[in-house]
Amino acid sequence: MPEESEAKHGIIRLRIHDVTQLFNSFDPDPFLERDLDDDAVDYIRSWVREIPRTRPLKLVVDITNPKLEQDHQALVQGAVHNYFGHLAELARNEFRQLMKRGRGSLAIGMTVLVIAVILSRWLATYEDWAFSRVLQETVLIGGWVAMWRPMEIFLYDWWPLRRQRKDYERLRDMPVEVTLPTPKA
């Protein structure tokens, strides 16, 4: 875990034995597009939530037992930026889909509400009928219930997706520093 003072300065420190620990072992792709390990991603994401959004981020990856023939800095930096860039794009697409669903739900909800108001007014013409008032109110309530989902989408559901996208964009754009042990003479 990063020290609290590092987290206050926007530094996320990750200590790994070998660079392969950073990558998902089930992903056979050896290139920069590889998926990062789920535990490493969860660790990084959990610290991003702790660091104020106004503070710039920096990921420091300490590799304790590196393979000497690799360019660790380029490998780790490219992988981290590509991975979180991909997640930011997925979050952006999910937001677009939610807004599309919201517009469709709004069209359906408004149509049902208009029909419910018209039906309720029509039922009001039957004042002498015993259940007329009950049916009027039931139809109106049904019309407003049809507006529930669009209101939920446009008032509440989009906030977490926006926050997630912003977090991924911060992670995509953060500088990455790889530290290796100093060679012994």
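Worth a mention:
- Over the C-alpha trace of the chain, radius of gyration and Dmax come out as 26.6, 102 angstrom.
- Label-to-label distance, nm, for residues given as ALA107 and SER132 (7 Å Cα→Cβ offset): 3.7
- DSSP beta bridges in the chain [antiparallel fraction, %, rounded to 5]: 10
- Using the Cβ of LEU123 as centre and a radius below 11 Å, the other residues enclosed give a net charge of 0, where K and R count +1 and D and E count -1.
- Candidate membrane-span-like segments in the chain, meaning DSSP H helices with Cα atoms spread over at least 27 Å of their own axis and a Kyte-Doolittle mean of -1.0 or above, are 72-124, with no membrane implied.
- Net charge of Cβ neighbours under 15 Å - reference ILE153; Lys, Arg +1; Asp, Glu -1: +3
- Across every pair of non-identical alpha carbons in the range 93-164, the mean reciprocal distance, once inverted, gives a Kirkwood radius of 13.6 Å.
- Spin-label model, VAL145/ARG92: points 7 Å from Cα along the beta carbon direction are separated by 4.0 nm.
- Checking every one of the GluC sites (Glu not before Pro) in the range 82-185 against DSSP loop status and a limit of 14 other Cβ atoms within 10 Å picks out GLU127.
Rule-based calculations on the coordinates, nothing more; no lab input. What you see is a predicted model; the values in this text were computed from it and never measured. Reconstructed Cβ throughout: ideal geometry from the backbone, glycine too, with neighbour counts over all protein chains shown.
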